[in-house]
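Trainee: Below you'll find the structure I mean.
Every number in this text was worked out from the coordinates using simple rules, so none of it is lab data. Everything quoted here is computed from the prediction, not taken from an experiment. Positions of Cβ are generated from backbone atoms using ideal geometry, with glycine treated the same way; all protein chains shown enter the neighbour counts.
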Amino acid sequence: MSTIEPVNTVPLQQFIQQVKSAENSRAKEVKLDIAQAKNLAFTLGIVMSRLHGELERLVVENKQSDADQAIEVRLDGGTGWQ
């Protein structure tokens, strides 16, 4: 199994902090320079790709475990009803 490098979430944290600061000061806009925008876009892309990969892995694992699962149904003709 390959090891996955941790995602650098600093650009996300910086953007969230910038939005909080703008909201607290009642600013009407938030501006990003191109370097900040690129870092934010790349980080969001990595996060979304990793989440999508994990979702696909979970779906495959779930399908495999469902295929191995046996379900037993017993019909007793209605006895035991109160």
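Trainee: Net charge near R57, counting Lys/Arg +1 and Asp/Glu -1 over other residues with Cβ under 12 Å of its Cβ?
Mentor: Surrounding charge for R57 is -1.
Trainee: In the chain, with Lys and Arg counted as +1 and Asp and Glu as -1 at Cβ, which of these residues, P6, Q17, A70, has the Cα nearest the positive end of the dipole, that is, farthest along it?
Mentor: The residue sitting most towards the positive pole is Q17.
Trainee: Roughly what angle does helix 34-68 make with the longest principal axis of the chain, taking Cα atoms, 0 to 90 degrees, to the nearest 10?
Mentor: 10
Trainee: From zero up to wherever the largest Cα-Cα distance of the chain sits, split into 5 Å bins and tell me the percent of pairs in each.
Mentor: Pairs per bin, as whole percents: 3, 11, 12, 12, 10, 9, 8, 7, 6, 5, 4, 5, 4, 3, 1.
Trainee: Still on this structure, please answer the following. Quick one: putting +1 on the C-beta of Lys and Arg, -1 on the C-beta of Asp and Glu, what dipole do you get for the stretch 10-65 around its Cα centre, in Debye to the nearest 20?
Mentor: Rounded to the nearest 20 debye, it is 140 debye.
Trainee: Let me ask you something else. So how tilted is helix 10-24 from the main axis of the chain? Cα-based, degrees 0 to 90, rounded to 10.
Mentor: Helix 10-24 sits roughly 70 degrees off the main axis of the chain.
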